[in-house]
Every structure is written in structure tokens, then in C-alpha cells.
Amino acid sequence: MLRRGVSPAAQEVQVPALNDLAGWKASDRRVACRSAEYLDCDDRLQSSRAVKRYFGDDDLKYLLEEHRERAVAMAYSAWGILDYRPTKTSKTHAEKMRAEGLSEPEGMLLGARMEACPTLYRVAGHDPKAGTVDLDDVLLGGTVTMYDQLMSESIENGLFIAGRAFPAGRFHFLELAGPPLGAGMGMAAEPLAAPLLAPPREPHSELFEATASRRKVGRNEPCPCGSGQKYKKCCGR
């Protein structure tokens, strides 16, 4: 049966098996290509409003050139796809992509990205042979193992990374939300990042519940969903 809004070719793409790492990586590359196409067709990330909202300065050419080696362009593009709304009622690029239709595995991966909590990780270990990187979540607690061959070969233990870990079958991939930071800069950034890299306000999504359950939340503490209410009056009911 054809799904409305999805091309027949896209519907022929099968969901990879849970343990098919190569299959999930291929699907994720297709999501990245679709995202790049959206950015190429829409120049709103070139606007001074978008640039200033993200960087605090509107000289995009200088900022990207100055920080070329720190993956700033990649992080800015991810923010432009997943988070940026020119107005309060505007849809993000990710929301438009889902509405227009994607293959099932691409839709699953994009949805996982959209629901993931941006947070700050510390590199706890890496294994180039396995292609894995172990990340400690310094804001929410817990550890997640990322499957990224290139990162596992080039990363150093003790670095800090802002990003979103999202599930892909039995694996986890990482969407960068900023450049890697040295140990000193990462520790200094932690108290500044906490209020900025807040969990999404979707406390009842499966991904949020999995993330929030990494640590024990006191009943009188602010709810980690970002609602502003106490935990006992929100997600802790």
C-alpha cells in the first residue's frame, strides 16, 4: 500500500535490521543529502537574523572561515535543519521534510534527531578497531556508545562535545551541535551550556523518557523536560 506524500521509489527502501550498521549508516547519509538539498534551496540561514541568533554576530563568511577547522559549519547546518524558525509559527526544515515524505528509515532517523536532547558529552574512551566512541553525558548523566569510524580514529579522550545522540536500530549516531572542546574549555562551558542545551519540551516521547531516566530526578527538582514545573507536578506524576 502506498503511503500518501511519499514517492514510490522512497517506499521501496526497506528498514534495515536492528543490527545492520551499514544499512543504518546508508540511510543516515541519505538524510544528510536531503538536508543539504534543503539548505541549498533556501537561503534563510544566510540571513543576518539567523546568523546573529546562532553566533551572536552577523558576519557569517568571517565566522565560518575563522572556525573552519572546528566543525562550526556542520553544527550551524544541523541547527538550521532541526531548530531554526524565522518566526514563531514557521516550520523547521526537518518538519517540512517529514511533511513532504521520506522513506521509512529516513523518517525514523530524522524523527530521532528531532526528539534527541542536545547536551554536552565528555569523551570517555574510543576504539578505532570497533569504530566506537564512549561519551559521558555531563549534563544529564549516563554513557552512550557512538558508532562513528572517522571520529573513533581522530578523537582524543577527555575532549568535550556538544551534540545530540540519537538511536539508529541497536546503535547510536551523533549530530554535532558545536566544535570539540579541550578539557579546560569543556569544564568551563558546562555551567553555561546547561540552560542552553535543554531537553525538548516533549516529556512523553519515548526518546525523552529514555534520556530522562538516565539519572534520578528529585520530586521537588525542576522537571528535566524544561516545562518550568516541579518534577512531581509534571513528568513525575
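So for Met108, Met114, what's the accessible-area order with a 1.4 Å probe, most first?
Accessible-area ranking of Met108, Met114, largest first: Met108, Met114.
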(message) Given a 1.4 Å probe and heavy atoms of the protein chains only, how would you sort Tyr54, Tyr121, Tyr62, largest accessible area at the top?
(response) Tyr62, Tyr54, Tyr121
(request) List nothing, just return the count: lysine pairs in segment 29-142, 8 or more apart or interchain, with Cα separation under 29 Å. (result) 8
(message) How much length would be gained if the chain were fully extended between Asp136 and Ala73, taking 0.36 nm per residue of separation minus their Cα-Cα distance, in nm to one decimal?
(response) 20.2 nm
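The values are calculated or read from the model by the stated rules, or taken from the named source; none is laboratory data. The model shown is predicted, which means the values in this text are computed figures rather than measured ones. Each accessible area value is taken on the protein alone, full model and side chains, heavy atoms only, with ligands, DNA and RNA left out. Shrake-Rupley method; radii C 1.70, N 1.55, O 1.52, S 1.80 Å.
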